[in-house]
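To keep things clear, I will list the structure first and then write my remarks on it.
The values are calculated or read from the model by the stated rules, or taken from the named source; none is laboratory data. The structure presented is a predicted model; accordingly, all values stated were derived computationally and were not measured. So basically every Cβ, Gly included, is an ideal-geometry build from the backbone, and we count neighbours across all protein chains shown. What goes into the accessible areas is simple: the full protein's heavy atoms, side chains included, and nothing from ligands, DNA or RNA. Shrake-Rupley method; radii C 1.70, N 1.55, O 1.52, S 1.80 Å.
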Amino acid sequence: MVATSNSRQTILDRLKTIPIEAPTAAAIDPDRLVKYDDPVAKFTEIVTHVGAQVHLVESTAEVAPRLAEIAEFTSARLIASLVPEAVSGNFSLAQVDDPHALARLDWAIVPGSFPVAENGAIWVRPGDAIERTMLFLTQHLVIIVSRGEMVMHMHDAYRRLRQQDHFGDRGREFGVFISGPSKTADIEQSLVIGAHGCRTLQIFLTP
Amino acid sequence: MPTLMPLPVVSNGAAGDANRPGEHAADNGPVPHRDHPSMAHDFVANVERTHWHDGALWFVRNKRDAQASAIPEWEYLRETAGAIKTEAIARLPELLEQFEANAKKLGVVVHWAIDADEHNRIVLDILQSRGIMRLVKSKSMLTEECHLNAFLEARGIEVIDTDLGERIVQLRRETPSHIVLPAIHIKKEEVGETFHQHLGTEAGASDPQYLTEAARGHLRGKFLRGEAGLTGVNFAIAETGGFVVCTNEGNADLGAVLPQIHIASMGMEKIIPRLEDLSVFTRLLARSATGQPITTYTSHFHGPRDSEGELHVVIVDNGRTALRQSKTFRAALGCIRCGACMNTCPVFRRSGGHSYGATVPGPIGSVLNPASDDVRHQSLPYACSLCGSCTDVCPVKIPLHHQLLAWRKEFGKRGLLKIGKTLPMKAASHLFRHPWLFQTVGRWGRAAMRSLPRIAFVNRFNVWSRDRELPTPPSQSFSSWYRQNREEKNGRDQ
Amino acid sequence: MAVALFVPCYIDQFYPDVAIATLELLERQGLEVVFPSGQTCCGQPMANTGCSAEAAPVARRLVELFAEFDQVVCPSGSCTAMVRHHYADYFEPDDPDYQKVRESTFELCEFLTDVVGVDSLSTRFPHRVSVHQSCHGLRELRLAASSETRFGDRRDKLGELLAKVDGITLTSPQRLDECCGFGGTFAVNEVDVSVAMGRDRIADHVGSDSEVIVAGDMSCLMHLDGLIRRSGQPITVMHIAQVLMGRPLVPTNQRQLNSGR
């Protein structure tokens, strides 16, 4: 290991040579933020625009029949599910001890914590490295999340993350806002859905 | 769209009032340096291509406008983001220590690098001490700034850029021409050619869908064989010891979770004080960058992936502490690398990112690069019509065009201006201090323009008239008209 | 007290009618206008090159010249912005003359809309007109909300004045306020990019079916006019003061090519 302790001190010393004064930034005033009359409609509009499919359902029991209408789902070989009450999946993640074993994963069904109306994002918090890998390696992703948990915007989202103490004292956590399937426009600004992550994203909004 | 990655780039040496710039500036390649006008000349010469490039970026600018106007509190967010960055830059030493302490609690190994070379050596050491030969990288402008790829490749390590745009330029042995859209200067037919050569796609194929699919297959293999993953850092949260990486493709996440080792290269100015500050920046970043409401993936890393995994964060100075000393240029450290200033810059759109001859091009690059090497990058603050559009799009309200003007004055103070610039200005200043002389020279000049043959003014020595007519000289100046028509008349009237 | 007319150097020498139109426009509003003699330049060319030492005495001259007036009006957003926002380097912060001139100097259009509160202009200009929003007027003086920030209040001072002209038809380029590429010495330092920017602006205005590009800064128009006349584009340029005074429109092909023949 390179000894960096000297550099650490040098850098901190340099930074402390001249004290710089600046006020603490004022916290965001909630009254000045956008509010949507119909957050579910807003969420749906935005995330559909970025390539996801949204399904409004009354219970998780509706998920499997809806998926059964999708050709890529019925022909899939490997399906992993973290929401067994909705979709059972056809292999057990318990057998997997190396994320690389998910290389051929076709579909992953995962729970989302809460959706964000303003930008169509869903907070997803996988339990371990295997669950985390699923999110990005699967060809097709399904997120099941309660529309009752919808927050208006990112300010409410982070307030909620703090209240639930997702970070900090709880130790290691990985969490991600996912908004739509993976995409790129690196070739002549032509939007292509399905870059490195999932090719499609199905969102099921339960009550 | 590509990954919105990180970071900055000021290399060594001083900005503004501090001492003179850097001998070990990381951004200086061995290539003989040409100034912006001469490199822009080559790009602009191809009118069709210039319009194509301009149109592609204007399209992104329009998408940004649409997103910004959809948020009623847009300007409020920009103000708040600027205030948070101002606070964070002021509190930098304290916040970095807080970040380090919290990150360590999460099992993160924190490294500190004074310059690009130390950053590269730290990364190399992490890899070599574990016998790692294959590194998968997501977009990191900091590693571009440090020229990490060349450094590692020279030591036998295979480095794979996994962002599609970056992979394209890597295969073509080029550099990114834009910090968010690295391959914006390359046409799909050229990508097709490159992929045909390297990935075996069909000759002549240029459909972006087809080419992206080919890259997906190619890079999946690389991900699965990668032994370590390197990402940038968009935001590091002092309060939690975690950091956020924003991408669209999913490449940073694959690179970070598949291998056991995740290295995150972080410019020290990426620090923000509080968790809630993320709400402001995640609302602004993608909207400003690509006109999306948010990036597809906004990943929050707090510690290694599991008990066997390792997470290393390398905090890099490389000139940033020096830039921070300068009251004039300090605000540029607030840059969140969205690239909006490039998309809106009328000069960038028509001259291309490579004309700036630096890792970070465009308005923000023209502010940062002279801090690392004022002589080499002297033409950049002049590659600007001072239109101010960059300042108006900047999500953290960096006064970019005023900083570019400030650099010009700084060059003057440092005695760097060439005689071709100073001599005409000394003459003009003399003229403008002597109104009688000004009027006389003006009268003679206009008389000459009216009487001498056209060739006296429209010739190869007059750059103005190469493509433009000169104004049609009137026989009388306004001063003279006023004397005749108002002062003398009034005199008569009284 | 009389309003002082501040005439930029290049307008004085090359575009006297712009200054005359400005003078007449102000007089038509019932104002007493004087043109203090000895004016030259605000110092912007030197300042924007980085030659502060050369800009300073020119700036100080200007302040001396105008310090006695309560209102100074300039038919240029760029020169006004220089005085209002970029003179700090050349004066002590509490210099009373500097403070006074900075606060009493107005660009023509903002003076008419905000200070005079112009009601009617009694002018006819029966032509199709498109506005070029000169950058310094737009983003330094905020004569209109820039397209980057035009969310909410969308005031446009040039547009408000032009709307008071009889017979006028306003057309709009697709890019509402992109820079024309003049930029002072930028026009020669970066000639290739400058010319490319100018040509694109002209094509956009021509495409809007405009007969004349109107702006508050003659310097932008000098650059555009030079390109228009060289390539024979079907459009011409006029300063807004000329339009507001109802000066006749002279098509490009009826104007002489510059100097010599």
(message) Could you check the stretch C:62-121 and list, in sequence order, the residues that are among the basic types (Lys, Arg) and closer than 21 Å to C:Asp217 by Cα?
(response) C:Arg84, C:Arg102
(request) For C:Val101, indicate whether it is over 25 Å from C:Phe14 (Cα atoms), of a type in the set (Val, Ile, Thr) and not assigned by TED's automatic domain parsing to the domain that holds C:Met245. (result) yes
(message) Could you check the stretch C:159-188 and list, in sequence order, the residues that are in contact with a Ser or Thr (Cβ under 8 Å, 6 or more places away or on another chain) and in a helix (DSSP H, G or I)?
(response) C:Glu160, C:Leu161, C:Phe186, C:Ala187, C:Val188
(request) Could you list all residues from the stretch B:423-462 that are closer than 22 Å to C:Glu190 by Cα, hydrophobic (A, V, I, L, M, F, W, C) and either open to solvent by 60 Å² or more (accessible area, probe 1.4 Å) or part of a helix (DSSP H, G or I) (or both)? (result) B:Leu423, B:Met425, B:Ala427, B:Ala428, B:Phe461
(message) Of everything in the stretch B:463-479, what is over 24 Å from B:His41 (Cα atoms), within 8 Å of chain C (Cβ to nearest Cβ) and open to solvent by 30 Å² or more (accessible area, probe 1.4 Å)? Give them in sequence order.
(response) B:Thr472, B:Gln476
(request) Answer yes or no as to whether C:Arg155 is surrounded by fewer than 20 Cβ atoms within 10 Å (Cβ to Cβ) and within 13 Å of chain B (Cβ to nearest Cβ). (result) no
(message) I'd like to know if the stretch B:388-399 contains one or more residues that are open to solvent by less than 30 Å² (accessible area, probe 1.4 Å), within 24 Å of C:Cys9 (Cα to Cα), within 7 Å of another protein chain (Cβ to nearest Cβ) and at pLDDT 95 or above.
(response) yes
(request) Starting from residues that are in contact (Cβ under 8 Å) with a residue 24 or more places away in the chain and out of contact with any helix residue (DSSP H, G or I) (no Cβ under 7 Å at 6 or more places or on another chain), keep the ones in the stretch A:128-141 and report whichever is nearest to B:Leu311 (Cα to Cα). (result) A:Glu131
(request) Look at the stretch B:31-69 and say how many of its residues are open to solvent by 60 Å² or more (accessible area, probe 1.4 Å), more than 8 Å from chain C (Cβ to nearest Cβ) and more than 21 Å from C:Cys179 (Cα to Cα). (result) 6
(request) Six or more apart or on different chains, Cβ under 6 Å: which pairs go from a residue in the stretch B:296-321 that's without any contact (Cβ under 8 Å) to a residue 60 or more places away in the chain to one that's of a type in the set (Asp, Glu)? Could you list them? (result) B:Tyr297/B:Asp253; B:Ser299/B:Asp253
(message) Quick check on this structure: which one of C:Arg61, C:Arg102 is free of Cβ contacts under 8 Å to residues at least 24 places away in the same chain and within 17 Å of C:His136 (Cα to Cα)?
(response) C:Arg102
(message) So if I check each of B:Arg320, B:Arg274, which one is open to solvent by 10 Å² or more (accessible area, probe 1.4 Å), among the charged types (D, E, K, R) and in the same structural domain as B:Ser177 (by TED's automatic domain parsing)?
(response) B:Arg274
(request) Quick one: B:Arg216 ticks every box in (1) without any contact (Cβ under 8 Å) to a residue 24 or more places away in the chain; (2) open to solvent by less than 40 Å² (accessible area, probe 1.4 Å); (3) closer than 30 Å to B:Leu96 by Cα; (4) within 11 Å of chain A (Cβ to nearest Cβ) except a single one, so which number is it? (result) (3)
(message) Yes or no: the stretch A:110-126 includes at least one residue that is within 10 Å of chain B (Cβ to nearest Cβ) and at positive phi.
(response) yes
(request) Please verify whether the stretch C:27-35 includes one or more residues that are over 21 Å from B:Glu488 (Cβ atoms), open to solvent by less than 10 Å² (accessible area, probe 1.4 Å) and under 21 Å from the mean Cα position of the chain (by Cα). (result) no
(request) Give just the number: which of (1) crowded, with 24+ Cβ neighbours inside 10 Å; (2) more than 27 Å from A:Pro19 (Cβ to Cβ); (3) facing another protein chain (nearest Cβ under 9 Å) does B:Gly339 not satisfy? (result) (3)
(request) Considering each residue of the stretch B:140-165, count those that are within 19 Å of B:Asp117 (Cα to Cα) and under 21 Å from the mean Cα position of the chain (by Cα), and give that number. (result) 11
(request) Take the stretch C:64-82 and flag every residue that is free of Cβ contacts under 8 Å to residues at least 60 places away in the same chain and under 19 Å from C:Val18 (Cβ atoms). (result) C:Met82
(request) Go through (1) more than 7 Å from chain A (Cβ to nearest Cβ); (2) free of Cβ contacts under 8 Å to residues at least 40 places away in the same chain; (3) assigned to a helix (DSSP H, G or I) and name the single condition B:Ser279 misses. (result) (1)
(message) Here are the criteria: (1) in contact with a Ser or Thr (Cβ under 7 Å, 6 or more places away or on another chain); (2) under 13 Å from A:Leu141 (Cβ atoms); (3) open to solvent by 20 Å² or more (accessible area, probe 1.4 Å); (4) of a type in the set (A, V, I, L, M, F, W, C). Tell me which single one A:Ala68 does not satisfy.
(response) (2)
(request) Spot the failing condition for C:Glu148; the list is (1) open to solvent by less than 10 Å² (accessible area, probe 1.4 Å); (2) in contact (Cβ under 8 Å) with a residue 40 or more places away in the chain, and only one is missed. (result) (2)
(request) Give me a count of the residues in the stretch C:134-158 that are of a type outside the set (D, E, K, R), outside any helix (DSSP H, G or I) and touching a strand residue (DSSP E or B) at 6+ places or on another chain (Cβ under 6 Å). (result) 3
(request) Would you mind stating whether B:His262 is facing chain A (nearest Cβ under 7 Å) and closer than 24 Å to B:Ala113 by Cα? (result) no
(message) If the requirement is being more than 14 Å from chain B (Cβ to nearest Cβ) and hydrophobic (A, V, I, L, M, F, W, C), which of these qualifies: C:Val58, C:Val115?
(response) C:Val115
(request) Could you pull out the residue among A:Glu118, A:Glu85, A:Glu21 that is touching a helix residue (DSSP H, G or I) at 6+ places or on another chain (Cβ under 9 Å), among the acidic types (Asp, Glu), open to solvent by less than 80 Å² (accessible area, probe 1.4 Å) and in a loop (DSSP other than H, G, I, E, B)? (result) A:Glu118
(message) Could you tell me how many of the residues in the stretch B:408-422 are open to solvent by 40 Å² or more (accessible area, probe 1.4 Å) and under 15 Å from C:Ala56 (Cα atoms)?
(response) 1
(message) Suppose the filter is at pLDDT below 95 and either under 15 Å from the mean Cα position of the chain (by Cα) or within 8 Å of chain B (Cβ to nearest Cβ) (or both); does A:Phe167 pass it?
(response) yes
(request) Inspect all residues belonging to the stretch B:324-333 and state whether any of them is under 16 Å from B:Val233 (Cβ atoms) and in contact with a Ser or Thr (Cβ under 7 Å, 6 or more places away or on another chain). (result) no
